[in-house]
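The values are calculated or read from the model by the stated rules, or taken from the named source; none is laboratory data. A quick note: this is a predicted structure, and the numbers were derived from the prediction, not measured. Every residue, glycine among them, receives a Cβ derived from its backbone with ideal geometry; neighbour counts consider all protein chains shown. Please note that ligands, DNA and RNA were not included when accessible areas were found on the heavy atoms of the full protein model with its side chains. Shrake-Rupley method; radii C 1.70, N 1.55, O 1.52, S 1.80 Å.
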Amino acid sequence: MTQIFLTGATGYIGGEVLHALQHAHPDYEIAALIRDNEKASKVLTAFPKIRVVLADLDDVEIVEEESRKANIVIHAASNKHLESVKAIASGLAGRQDAYYIQVTGVSILSGPEVDKNSYGEPSDQIFDDLDNVGDLRDIIRAYKDRRVVDNYILDLEADGPKTAIIFPPIIFGTGRGPVNQRSIQVPSLARAALLQHAGLYLGKGLSRWGIVHVSDLADLYVKLVEHAVNATPGPLWNENGLFFAENGFESFKDIALVIAKEGHSLGYIDSPDSVRSMDLDEANEVIPHGIVFLGTNGQGRALRARTLLGWEPHGESFQKAARETIIAEAAQL
């Protein structure tokens, strides 16, 4: 019987992964790390078969023990909590038949722009995770101080678990998890547009990130888990286990225009072309670390998942999801 230990089940990504796994494979036994009883109750109401582990990431002894019990660990709660990552690695040490899937982010590609303090500018550099996966490894290695978790996982001993790191771009759409169903970037931009009556972008707005619907991202996790369960051979793990996830690329000015158009059609913004540029301070007010998340280029082509896992995005369009997000943010305001 497949035993999965999942962190982040109450979060946006982890909750969607839990939903996708339970619907695709109800036979999998899933233990979910949840920090409090209230959230645990919501998870159990939605998914009664889940075994709740009432603890948080700082309870490293529990994290290690649950990892030791599992065939597959999915760490979707954080890409910065090194001690929990060490606990997972310790629990899976010496187990080449075990698998460890870690979430991180495509902001790894923004390092050079952050170094140069260059935001909102275009770039013709598109990374891929298949034929040129070495370039991605190189940039991870170049930023050891900023990407401690990614580097730690790449440095795990060869006789340990098989590992995969997923680098989501801008994630959009309403999640189907039991607690947090809201993303960050697009809802923050939608909320700011409602308050300012205009779509917003940083600088020239010409920097681009990949976009992916949250259901498509969860499907990538499911396909990786399935390949782990079946012990599918191929360059899927460890130094090759680096996966982008995207369904195309969008500039932030184009995103602002979509938000303005949909906001206008809903009666919240005066003109469908009402967009304007933000400075660095305003971007950081719209979203924490906004200059990075709204002003850099995160163009990672998801060739490995498409070619080796048979992954294809099928989620709703960005424009439709943006409209739903505007409606939801307006209701909250």
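Below are the figures for this structure:
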| item | result |
| --- | --- |
| Lone unmet requirement of (1) among the acidic types (D, E); (2) under 19 Å from F167 (Cβ atoms); (3) open to solvent by less than 40 Å² (accessible area, probe 1.4 Å) for E262 | (2) |
| Scan of segment 120-131 for residues that are in contact with a Lys or Arg (Cβ under 9 Å, 6 or more places away or on another chain), part of a loop (DSSP other than H, G, I, E, B) and not aliphatic (A, V, I, L, M), ordered by number | G120, E121, P122, S123, D129 |
| Failed item in (1) under 22 Å from A245 (Cβ atoms); (2) touching a strand residue (DSSP E or B) at 6+ places or on another chain (Cβ under 6 Å); (3) open to solvent by 30 Å² or more (accessible area, probe 1.4 Å), with G298 passing the rest | (3) |
| Pairs where the first residue, in segment 300-315, is farther than 18 Å from I211 by Cβ and the second is surrounded by fewer than 20 Cβ atoms within 10 Å (Cβ to Cβ) and modelled with pLDDT under 95, C-beta under 6 Å, 6+ apart | L308/G234 |
| Residue match in segment 33-43 (condition: open to solvent by 60 Å² or more (accessible area, probe 1.4 Å) and assigned to a loop (DSSP other than H, G, I, E, B)) | yes |
| Any pair with Cβ under 7 angstrom, 6 or more apart, that starts in segment 132-154 at a residue that is under 13 Å from L109 (Cα atoms) and ends at one that is open to solvent by 20 Å² or more (accessible area, probe 1.4 Å) and among the charged types (D, E, K, R) | R137/E239; I140/R147 |
| Hits in segment 22-81 (condition: aliphatic (A, V, I, L, M), over 23 Å from Y99 (Cβ atoms) and without any contact (Cβ under 8 Å) to a residue 24 or more places away in the chain) | A40, L44, L54 |
| Output for segment 99-119, where each listed residue is surrounded by fewer than 20 Cβ atoms within 10 Å (Cβ to Cβ) and outside any loop (DSSP other than H, G, I, E, B) | G111, P112, V114, D115, K116 |
| Top-ranked residue in segment 197-233 [being out of contact with any strand residue (DSSP E or B) (no Cβ under 8 Å at 6 or more places or on another chain) and among the small types (G, A, S); ranked as surrounded by the most Cβ atoms within 10 Å (Cβ to Cβ)] | A218 |
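Quick grid of which residues meet (1) within 12 Å of P178 (Cα to Cα); (2) at pLDDT below 95; (3) part of a strand (DSSP E or B):
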site: L6; (1), (2), (3): no, no, yes
site: I13; (1), (2), (3): yes, no, no
site: P26; (1), (2), (3): no, no, no
site: K49; (1), (2), (3): no, no, no
site: D56; (1), (2), (3): no, no, no
site: I62; (1), (2), (3): no, no, no
